[in-house]
1. Specify the angular offset, from 0 to 90 degrees and rounded to the nearest 10, of the alpha carbon long axis of helix 123-137 from the longest principal axis of the alpha carbons in the chain.
2. If N is the number of residues in segment 129-282, what value comes out of its Cα radius of gyration divided by 2.2 N^0.38 Å?
3. Report the label-to-label distance for Glu323 and Glu201 in nanometres (one decimal), using points 7 Å from each Cα along the Cα→Cβ vector.
4. Quick check: Cα centre of segment 89-112 to Cα centre of segment 233-261, how many Å?
5. Give me the angle, in degrees from 0 to 90, between the Cα long axis of helix 298-324 and the longest principal axis of the Cα atoms of the chain, rounded to the nearest 10.
6. A 30 angstrom limit on the alpha carbon distance is what I want to check against. Which of Lys151/Lys198; Lys117/Lys272; Lys4/Lys54; Lys117/Lys173 exceed it?
7. Accessible area per residue for the chain in Å², computed with a 1.4 Å probe and the full protein assembly in place, what is it?
8. Just name one of Gly265, Val215, Gly240: the one whose Cα is farthest towards the positive end of the charge dipole of segment 203-291 (beta-carbon charges, Lys/Arg +1, Asp/Glu -1).
Amino acid sequence: MEDKKRVLTGLQPTGIIHLGNYIGAIKQMVEYQEKYDSYIFVADLHSITIPQDKDTLSKKTRDLIALYLACGIDPNRNTIFIQSENLYHTNLAWILECNSYFGELSRMHQFKEKSLKNQNFTVGLLTYPVLMAADILLYDADYVPVGIDQKQHVEITRDIAIRFNNKYGKTFKIPEPLITETGTKILDLVDPTKKMSKSTENPKGIITLLDDLEVARKKIMGATTDSETIVRFDPENKPGISNLINIYSSITNKSIKEIEKEFEGCNYGTFKSKVADAVVELLKTIQDKYNSIISSGIIDEILDSGKDKSSKIAKAKYELAKERMGFKRY
Ligand code: TYM
């Protein structure tokens, strides 16, 4: 176990996760769990950077854990925990905030985009990447599987860690983002110029993992394409079709070349119905497992042991960072 590389990721419990979240992060974790020492958590502290309904937050957190398991995250191979149950995340975040700069945080793409949408944003929205840095650095993670939208946050984590190490002595491991070739950025099905996102206004643009199967099929069949009829990967000129190719490739593990060959001479209807079959089959498997997990008693057991294990590791790193900065009894 000791010499295995460590992989870690987190997802926010802000709504039912969608195909983009699955392909960008969870599927990668499932693939790496054999090879790496794996950590996956629910980033509930990140979710409150925008207001959350206090009566449903804990339910959404539990649902997300059940979805992790239903997607194939193996509790025997992963440490699964809730971020807010491990106090070292916010403790280290404060230390790191005092080693980060307003300028660099205010230049983050996600901050700029979200703060423009709502001028009355919280300070948490600005310091969000520092909490994410704490999440990663506490565990000496070697790799962080994410979609491309989170790449900049892993990069600033590296900057913060390098800066801290240079100033106070080697304390943190420098992590690398892991981004798959086809799962980088799954796009909205209605408007394939933007990413598939939980906050989208048109529900036809996103497929959540708990969508009704027939509704999911219709969403794929109704996805925006183009006026050509060739199934060809060309993200710039054919974003809709390229997005469906990416989805199909991620689910079936076929390469883009193989898919182009498979659908040579086929019309879009035939292609879309194959993509829909693959999506529906995936959703059905996940939903069957989800339904049995959510009503079983295993979630609390998993979370209790995840809390214990993650807290032990996080405590040691937090104590080291504190000591490096000179916090000790005189
Ligand atoms: P979140 O909850 O917004 O998204 C969870 C994961 O899904 C990926 N993702 C996508 N991938 C492909 N196509 C899309 N359309 C798409 N939309 C979302 C995201 O890149 C992410 O990997 N800040 C993180 C949560 C977090 C975290 C961490 C992640 C907190 N601490 C430490 C890694 C390590 C977030 O908000 O993800």
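1. 80
2. Normalised Rg, Cα atoms only: 1.28.
3. 5.5
4. Using only Cα atoms to place each centre, the spacing works out to 36 Å.
5. Roughly 50 degrees between the two axes.
6. Lys117/Lys272; Lys4/Lys54; Lys117/Lys173
7. Here the residues of the chain average 49 Å² of exposed surface.
8. Val215
The values are calculated or read from the model by the stated rules, or taken from the named source; none is laboratory data. Since we're looking at a predicted model, the values are computed, not measured. When we count neighbours, we look across all protein chains shown, and the Cβ atoms used for this are built from the backbone with ideal geometry, even at glycine. Surface accessibility is based on the protein's heavy atoms, side chains included, excluding ligands, DNA and RNA. Shrake-Rupley method; radii C 1.70, N 1.55, O 1.52, S 1.80 Å.
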